[in-house]
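These notes are about the structure you will find just below.
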Amino acid sequence: MRMLKTTFISILIIAMLIVASGCGAQTEAPSETKPAETGSTEAPAENAEAKTEEPKAEEPVEETNPLEGQTITLYTTRHYDSDDEIFAKFTEETGIKVEVVKDKGKALIEKLKSEGDDTQADLFYTADAGNLAHAKAEGLFQKIESDVLKANIPAKLRDTDDMWTALTTRARVIVYPKDRIDPSELSTYEDLADPKWKGRILIRSSSNQYNISLVASFLNDNIMGKEKTAEWLEGFVANFAREPKGNDREQGRAAYAGEGDIAIMNTYYIGKMMNDKKDPEMKAAGENLGVFFPNQETTGTHLNISGAGLLKASDNKEAAVKFLEFLSGEEAQEAFSSRNYEFPANPNVEVQNELLKSWGEFKTQDINLGDLGKNLEEASMMMDEAGWK
Ligand code: FE2
């Protein structure tokens, strides 16, 4: 009995010593890593073990969130509530905050020019390739280096010098009241200059960037070319139902109300009208409008983009690029299409929205959106000359 007791006590003492030495190794480790940091390479095996264990515990935290707590500032022309939700998701996932400044394209470009290097802005995010072309021409952007963006967004939807990238696409289409207009009457943009449309066409003003980009696309030689575009503008403007006023949605509402027969609109506005929770008349108009994709047998429908460029003056380049990468990814792309009815720019993202799916595939113009910039000024002048208010 005594033998057993002695053995038990011995084992207990040995066990306590082992535990004590183990604890010692752990509690001493932090102080012992210091010499290693100052250059000591010769460390006892035990210490080496303690040192390799320590960074392992901290590394993942640093690696997943190296930019946590940073704030990026976005100058944007976009005015969609769904964007705020997508940006909040980015903050939730990365810890990077997003400040948003909203205004019209021209105003933001002027603001960026006057602020110069002192600007808080990191990104210029806008609807329409025309706005991006203007900002690029003003020298506001720097090259975006990102393999993720290159993998997510096709080259034809990125700037040729990688100064900006598309994040969504949208088509500029013809809409018609389904109860009054037979879509077999519709065919091409060119046809809208025919006198049969006299007093029937609704479209917003010539100062609107969507319209300037539409006409600029026609100026491409493989679409209409300059001469035909000038001719077309004369006939088209002569067919307006009223002097241009209001935004895209107001054209759709006016077509539904009978102020004209057809309207030119961007596709996503149909989805927004149909889901309008504040304005029952707008909702009714959206539900009663058909969408027609012009030029399917010829040059294709005008496709434009919404996208963003990295500003030369950005102080948070890494976080800004991470933001663009997030927006090009599956989660954000799906949200852009299901919440704002835009088409994903990332071809790997499947459209799940029923309305967008109901429109099906359609042929688009074969033009480089990065080159659209070179025709904008001429398009704008020609629209003025044709009397498009
Ligand atoms: Fe818009």
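The values are calculated or read from the model by the stated rules, or taken from the named source; none is laboratory data. Here the structure is a predicted model, which means the values were calculated and not measured. When we count neighbours, we look across all protein chains shown, and the Cβ atoms used for this are built from the backbone with ideal geometry, even at glycine. Quick note on the areas: whole protein, heavy atoms, side chains included, nothing else; ligands and nucleic acids left out. Shrake-Rupley method; radii C 1.70, N 1.55, O 1.52, S 1.80 Å.
Checking the conditions here, which among 189, 176 is touching a Pro at 6+ places or on another chain (Cβ under 8 Å) and within 14 Å of residue 379 (Cβ to Cβ)? Spell out how you get there, then give the answer.
Working: 176 fails: within 14 Å of residue 379 (Cβ to Cβ).
When all the criteria are applied, what remains is 189.
Here's a check for you: in the stretch 110-137, which residue that is open to solvent by less than 10 Å² (accessible area, probe 1.4 Å) and in a helix (DSSP H, G or I) is farthest from the ligand (Cβ to nearest atom)?
112
Counting only residues that are within 16 Å of the ligand (Cβ to nearest atom) and buried (at least 20 other Cβ atoms within 10 Å of the Cβ), give me the helices (runs of 4 or more DSSP H) lying completely in the stretch 257-351 with at least 2 of them.
Details: elements: 267-274, 280-287, 317-328, 330-340.
It comes to 267-274, 280-287, 330-340.
Looking only at the stretch 172-220, which residues are of a type in the set (Ser, Thr, Tyr), in a loop (DSSP other than H, G, I, E, B) and surrounded by 17 or more Cβ atoms within 10 Å (Cβ to Cβ)?
So in the stretch 172-220, the residues of a type in the set (Ser, Thr, Tyr) come out as 176, 184, 187-189, 205-207, 210, 213, 217.
Subset that is in a loop (DSSP other than H, G, I, E, B): 187-189, 205-207.
Residues satisfying the conditions are 187, 189, 206.
Is there any pair linking a residue in the stretch 125-153 that is under 22 Å from residue 86 (Cα atoms) to one that is of a type in the set (Ser, Thr, Tyr) and in a loop (DSSP other than H, G, I, E, B), with Cβ under 6 Å and at least six apart or on different chains, and which?
126/77; 127/77
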